[in-house]
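To start, the structure itself, in structure tokens.
The values are calculated or read from the model by the stated rules, or taken from the named source; none is laboratory data. The structure displayed is predicted, hence computed values, not measured ones. Glycine also receives a Cβ, built like all others from the backbone with ideal geometry; neighbour counts cover every protein chain displayed. Just the protein is used for accessible areas: all its heavy atoms, side chains included, with ligands, DNA and RNA removed. Shrake-Rupley method; radii C 1.70, N 1.55, O 1.52, S 1.80 Å.
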Amino acid sequence: MNTTRRPRLLDLYCKAGGASMGYHLAGFDVVGVDIEAQPNYPFEFYQDDALNYLALHGHHFDAIVASPPCHDHTTLSSRAGVNGSGWLLDATLEALAAQPRPWIVENVMGARMRADVVLCGSMFGLRTYRHRKFAVDPRLPWLPPVPWHPVHRVRTSTKKTRKDFAAGMHISITGDVGAWTGPACMGIDWMTGKELAQAIPPAYTQHLGAHLLDLLAGPEAGAA
Ligand SMILES: C[S@@+](CC[C@H](N)C(=O)[O-])C[C@H]1O[C@@H](n2cnc3c(N)ncnc32)[C@H](O)[C@@H]1O
């Protein structure tokens, strides 16, 4: 790896960039791709189909991460009906396995995907639990460390009001979580409530990104 520049990371299915921000804070130059326009995305962005962009440009990056749509894997899908995008998760895992760059894929707990690492807001002092699982490229020599997972002692407000937040409750980040409690709980202040409801907290990906950077640097990086 060329150490005179920040390594480049491709974030597929980036939406407004919750995951991207954590990888950026860890030290990557991040480029995002989403099939929909993302006016609030804070980094270099391309509107395209994720798998098409990966096939054409994946080789320009040092690492690749992806958050395929999760509607068909949530418990809500049994009530709302399938969205029809569930196949993208398997297709993305297959495409990533077939290319040489290291990768990490994120999804909801209900997704049929390996859970190499499960992260929770309580591990990072956030006021939302929001469990998400991550499948990590099996070619990497080490899995990211899993932080201590405190017992969920604090009640969660599904009303998501400032009053509940001021009373010390955690907040459930769903629907349109609104412009105040959502950002305060997620560590995100640049997107709408609807975008935030689909995001993961940057703290999760900053943690994973720091590990990925160490692995990219290699064991000899600190040698004299
Ligand atoms: C769960 S959101 C990602 C949230 C993001 N990881 C974050 O932390 O903010 C999934 C995104 O996938 C996008 N998407 C769906 N199908 C796509 C496709 N074929 N190619 C690229 N993006 C797609 C949706 O527009 C949506 O923005």
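Taking every residue in region 99-120 that is open to solvent by less than 20 Å² (accessible area, probe 1.4 Å) and pairing it with any residue that is among the aromatic types (Phe, Trp, Tyr) and at pLDDT below 95, at least 6 positions away or on another chain, the pairs with Cβ-Cβ distances below 9 Å are 120/129. Taken together, the residues in region 154-188 that are within 20 Å of residue 19 (Cα to Cα), among the β-branched types (Val, Ile, Thr) and not in a helix (DSSP H, G or I) amount to 5. Look at region 189-200: where a residue is farther than 16 Å from residue 106 by Cα and a partner is within 8 Å of the ligand (Cβ to nearest atom), sitting 6+ places away or on another chain with Cβ atoms under 7 Å, you get 191/16; 191/199; 195/15; 195/16. Tallying residues that are within 9 Å of the ligand (Cβ to nearest atom) and acidic (Asp, Glu) within region 52-72 yields 0.
Taking residue 49, is it open to solvent by 50 Å² or more (accessible area, probe 1.4 Å), out of contact with any Asp or Glu (no Cβ under 9 Å at 6 or more places or on another chain) and either away from the ligand (no atom under 12 Å from the Cβ) or among the acidic types (Asp, Glu) (or both)? Talk me through it step by step, then tell me what you get.
Numbers: open to solvent by 50 Å² or more (accessible area, probe 1.4 Å): yes; out of contact with any Asp or Glu (no Cβ under 9 Å at 6 or more places or on another chain): yes; either away from the ligand (no atom under 12 Å from the Cβ) or among the acidic types (Asp, Glu) (or both): yes.
For residue 49, the condition - open to solvent by 50 Å² or more (accessible area, probe 1.4 Å), out of contact with any Asp or Glu (no Cβ under 9 Å at 6 or more places or on another chain) and either away from the ligand (no atom under 12 Å from the Cβ) or among the acidic types (Asp, Glu) (or both) - is met.
Quick check on region 1-40: of everything there that is open to solvent by less than 40 Å² (accessible area, probe 1.4 Å) and on the phi > 0 side of the Ramachandran plot, which residue is farthest from the ligand (Cβ to nearest atom)?
The initial filter retains those residues of region 1-40 that are open to solvent by less than 40 Å² (accessible area, probe 1.4 Å), namely 7, 9-14, 16-23, 26-28, 30-34, 38.
Next, only the ones that are on the phi > 0 side of the Ramachandran plot stay: 13, 17, 27.
Details: 13: 3, 17: 6, 27: 18 Å.
Ranking the candidates gives 27 first.
May I ask you to verify whether residue 132 is touching a Leu at 6+ places or on another chain (Cβ under 8 Å), surrounded by 15 or more Cβ atoms within 10 Å (Cβ to Cβ) and charged (D, E, K, R)? Yes, satisfied.
Let's see how each residue does on (1) assigned to a loop (DSSP other than H, G, I, E, B); (2) at pLDDT 95 or above:
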position: 64; (1), (2): no, yes
position: 83; (1), (2): yes, no
position: 96; (1), (2): no, yes
position: 138; (1), (2): yes, yes
position: 142; (1), (2): yes, no
position: 147; (1), (2): yes, yes
position: 152; (1), (2): yes, no
